[in-house]
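The values are calculated or read from the model by the stated rules, or taken from the named source; none is laboratory data. Remember, it's a predicted structure, so these values are computed and weren't measured experimentally. FYI the Cβ positions are ideal-geometry reconstructions off the backbone, even for glycines, and counts take in every protein chain you see. The accessibility values were calculated without ligands, DNA or RNA, using every heavy atom of the protein model including side chains. Shrake-Rupley method; radii C 1.70, N 1.55, O 1.52, S 1.80 Å.
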Amino acid sequence: MKAVVTSIRVERDADVTHTRRTARLSAQVAGAATRDQIRFATAVSEIARNALQYAGGGVAEFSFDRLEKRTRLMARVQDMGAGIAAVETMLRGRHQAHTGLGLGLSGSQKLVDHFDLKTGSGGTLVTLGLHLNGTRGADELAKAAAGALINAAQGSPIEELAEQNRALRDSLAEQQFLLREIHHRTKNNLAIIQSLALMQARQAKSEETQEALGILTNRIQAFANAHNFLHQAEDVAQVDLRQHLESLTDRLASAFGSGGLTIVCHAEAISIGFEAATEIALVVNELVTNAAKYGSENGHVDIAAYQQGSNFCLRVCDDGPGLNNPETVLRNSKSLGWRIVEGCARKLNGSIEVEGTKGLSVLLTIPNDR
């Protein structure tokens, strides 16, 4: 059963704002969480804006319905334009149009629980739905939403804008908390795995097995380190590279320092994305492990991380025996460590330069968009 709340003619920018307000208030009255109110309102306003910008306008209808014991908040946005070409490509997010139309469609589809699009020469109809919890019927919710819209219409637009801003801030804070919690739990799980590997290494009788498990624990630590700093940071998407590398090299120095290896780290204070931070940590771990394994006693490793123009650079140098024709030797090597280094570089769209005359020097250069 369908119960209509209201319809809005979309003929100007103010009407797009009205559709967003209506979507959010209707979801709020229905008891949706703040983040669900915002994602539904954002999706509806994007589709309404598309209708205005590319089809000269349209009509947005809001309703509640009951389908298979689930109540939904629905928005139907219809225009009388010429239809949308290459719509399937746009919905897959692969269409890069300068108009931005593809982004509005694919982005809105990801934000809602139900999305349906019909388009042709007679126009486009987009239906968006938000799943609701609770047992309240469609008629009851529609009446409550209509009443809330009437009350809101008598209020101040400035107060409504302030309320939307508060809702956005609350939703952002909630998402940041959840991300921190995920990183914290991941860090703890990695610590458990690392402890199990260490226990297994202590019980292993073969020196080769002990060495392999020791290398494994260092690789795990490279991941855990990044999660640790994300958990502590204000920005849950960025890692302080200097702190990250200094902490990692301190741990590596503790692991290999008993063998006489000295590790020096010079890193600029750069904020870098989590994915790049984990890949860079793996590269450092593998190259330092290689220096400890093949270098001389009382060896030295120098690590430098810095920005150079539009690129980010990581240089790891040791004073070991080096290699003749190192790029060819390493390319043909069956070493897991070097395959990890090359794999990390590919993931970051980076390049590797190797020098082997005075020890081994590896320079990783990646685009500065991480």
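Enumerate the lysines that residue 334 could reach by cross-link, defined here as Cα to Cα under 16 Å, with residues fewer than 8 away along the same chain left out.
Result set, ordered by chain and number: 293.
Relative contact order, percent, of the range 1-84 when contacts are C-alpha pairs under 8 Å separated by at least 6 residues?
Values: 138 pairs, mean separation 30.3, N = 84.
Relative contact order comes out at 36 percent.
Amide H to amide H under 5 Å from residue 5: which residues, 5+ apart in sequence or cross-chain, H placed 1.01 Å off N in plane?
It is 62, 63, 64, by chain and number.
Could you sort 205, 347 by accessible area so the largest value comes first, with the probe set to 1.4 Å?
Working: 205 200, 347 120 Å².
Most to least solvent-accessible, the answer reads 205, 347.
If amide H atoms are built 1.01 Å from N in the plane of the peptide, which residues on other chains or at least 5 residues away come under 5 Å of the amide H of residue 348?
none
With Cβ to Cβ distances under 9 Å as the rule, what net charge do the other residues near residue 301 carry (K, R +1; D, E -1)? Spell out each step's value before the answer.
Values: positive: none; negative: 302, 318, 319.
That sum, taken over residues with Cβ under 9 Å, equals -3.
Please list, in chain and number order, the residues 5+ apart from residue 301 or on another chain whose amide H is under 5 Å from its amide H, with Hs placed from the backbone.
The list, which skips near neighbours in sequence, is 262, 263, 264.
Identify all lysines with a Cα-Cα distance to residue 110 below 23 Å; exclude those on the same chain that are fewer than 8 residues away in sequence.
118
Under a straight-distance cross-link criterion of Cα-Cα below 27 Å, which lysines are reachable from residue 143, leaving out those fewer than 8 residues away in the same chain?
2, 69
Taking all pairs of distinct Cα atoms, average 1/r, flip it, and tell me the Kirkwood hydrodynamic radius of the range 241-370 in Å to one decimal place. Mind showing how you got there, number by number?
Numbers: mean 1/r = 0.0681 Å⁻¹.
Averaging 1/r across every pair of different Cα atoms and inverting gives 14.7 Å.
With θ set to phi - 60°, apply the Karplus curve 6.51 cos²θ - 1.76 cosθ + 1.60 along the range 186-196 and write out the HN-Hα couplings as whole Hz, x wherever there is a Gly or Pro.
Couplings: 4, 4, 5, 5, 5, 5, 5, 4, 4, 5, 5 Hz.
Taking the Cα centre of the range 246-370 as the origin, how large is its charge dipole in debye, to the nearest 20, when only Lys and Arg (+1) and Asp and Glu (-1) carry charge on their Cβ atoms? Mind showing how you got there, number by number?
Details: 10 positive and 15 negative charges, 76 e Å.
With only Lys, Arg, Asp and Glu charged at Cβ, the dipole is about 360 debye.
Each residue of the range 271-285 in order: what ³J(HN,Hα) in whole Hz does its phi give by Karplus 6.51 cos²θ - 1.76 cosθ + 1.60, θ = phi - 60°, with x for Gly and Pro?
8, 9, x, 4, 4, 5, 4, 5, 5, 5, 4, 5, 4, 4, 4
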